[in-house]
1. Where Lys and Arg each count +1 and Asp and Glu each count -1, what net charge lies around Gln139 among other residues with Cβ under 13 Å from its Cβ?
2. Tell me which label goes with the value of Rg and Dmax of the Cα atoms in Å computed from the coordinates here: (1) 20.0, 61; (2) 23.1, 95; (3) 20.1, 67.
3. Assuming R0 = 51 Å, can you tell me the calculated FRET efficiency for the pair Arg295 and Asp56, based on Cβ-Cβ distance, to the nearest 0.05?
4. At R0 = 30 Å, how high is the FRET efficiency between Glu39 and Arg92 if r is their beta carbon distance? Nearest 0.05 is fine.
5. Tell me which residues come under 5 Å, amide H to amide H, from Asp233 once H is placed; ignore anything under 5 positions away on its chain.
6. Mind ordering 122-131, 247-256 by average Cβ neighbours within 10 Å, highest first?
7. In terms of Cα to Cα distance under 19 Å, which aspartates and glutamates are near enough to Lys120, apart from those fewer than 8 places away along the same chain?
8. So what are the ³J(HN,Hα) numbers for the stretch 94-109, from phi and the Karplus equation (6.51, -1.76, 1.60; θ = phi - 60°), rounded to whole Hz, Gly and Pro as x?
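The values are calculated or read from the model by the stated rules, or taken from the named source; none is laboratory data. Computed from a prediction, not measured in an experiment: that's the story for all the values here. Methodologically, a virtual Cβ is constructed for each residue, glycine included, from the backbone with ideal geometry; neighbour enumeration extends over all protein chains shown. Protein only, heavy atoms only, side chains kept; ligands, DNA and RNA dropped before computing areas. Shrake-Rupley method; radii C 1.70, N 1.55, O 1.52, S 1.80 Å.
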Amino acid sequence: MTNILGVGGNRLVWADIPEHVRTGIEGVLGAPVVEATSEPGGFSPGVAARVVLADDRRMFVKAVNSARNAKSVRLLSDEARILAGLADVDLRPPVAVPKLLGQYVHGDWIALVITEVDGKMPAIPWRTAELDQVVDAVQTLGECLTPTPLEAPPITDACASMLNQWRTLAGSAEIPAGMEIPAGLPPWAVANLDRLAELEADWAAAAAGDTLLHLDLRADNLLLVEDQVFVVDWPHACVGAAWVDLLVMLPSVIMQGGDPDRCWRRYPAGRNVDADQVNSVRAAVAGYCAVSALRPAPSELPRVRDFQRVQSEAALSWLRERLTGSH
């Protein structure tokens, strides 16, 4: 289980960008690109490349067009806005965020030029020391982003259509009693569908708050540089309760060999949160992962369902332990 990485499986590379668009991006970079190394991680089908320029400077470029994936274009535009705003926020060590240096928009293409971070992803399976470092950074990030310094949608709006999967299934007249529909839904989830739907119904009230959340923290969205933790990839930022950021991350931590309960005990933002509120968000996240994993994979992201399937197994197992008291 611990070798499952956050890799969509079908990224564009620098050479795939049309020449006239590459020329435009180089205008933002300020020099021609002489070397480009693609980063395979993440679930965008666009370009994510470390580039070396003719004047020896190094930068990071993300680019995609709507013909490749229209949603990815919107996400890059959202990320540009968030990164531009975060440049004016005083983030305390150990947490840091790369800086947006410029963007290029032409036709249906969008590209972001970002400072290159000369760091490494956390080791997978997770090492305890690195995981502790990341948990501490998530705590500091929440403190620095409360109250939110930027305008962003509330989590209750941003995730309303995603975190309702159990209620949708439980309320469907097309699902006969006792049948596993959709096929592949774990038996425990089918047997406890009404209970999961009841838990999920309270997630929005539990998750409401005034902290700017990253909402997509995973090993592949973190870079470690000595005693710093750089948090990258911000297109899903929204506003909610500070503790939600770590909670949403923990299913991926489980599937990659980390101890979620150790993380939660270490995390000050989660210590005084009511257990029922935590379980409601756990249930909603587990439902999103479980149902998403059963859908056909997009052609440009062939591995995303595998990641969601293993993540859903981790999320459901953790939730089941919390609800049965078997931990």
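1. With Lys, Arg at +1 and Asp, Glu at -1, the neighbours total 0.
2. Only one option fits the structure, namely (3).
3. On the way: r = 45 Å, r/R0 = 0.89.
Taking R0 as 51 Å, the efficiency between Arg295 and Asp56 is 0.65.
4. Details: r = 27 Å, r/R0 = 0.90.
Taking R0 as 30 Å, the efficiency between Glu39 and Arg92 is 0.65.
5. none
6. With the highest mean Cβ count within 10 Å placed first, the list reads 247-256, 122-131.
7. Glu39, Glu130, Asp132, Asp136, Asp216, Asp220, Glu226, Asp227, Asp233
8. So the J values, rounded to whole Hz, are x, 8, 8, 9, x, 9, 7, 9, x, 9, 10, 10, 8, x, 9, 9.
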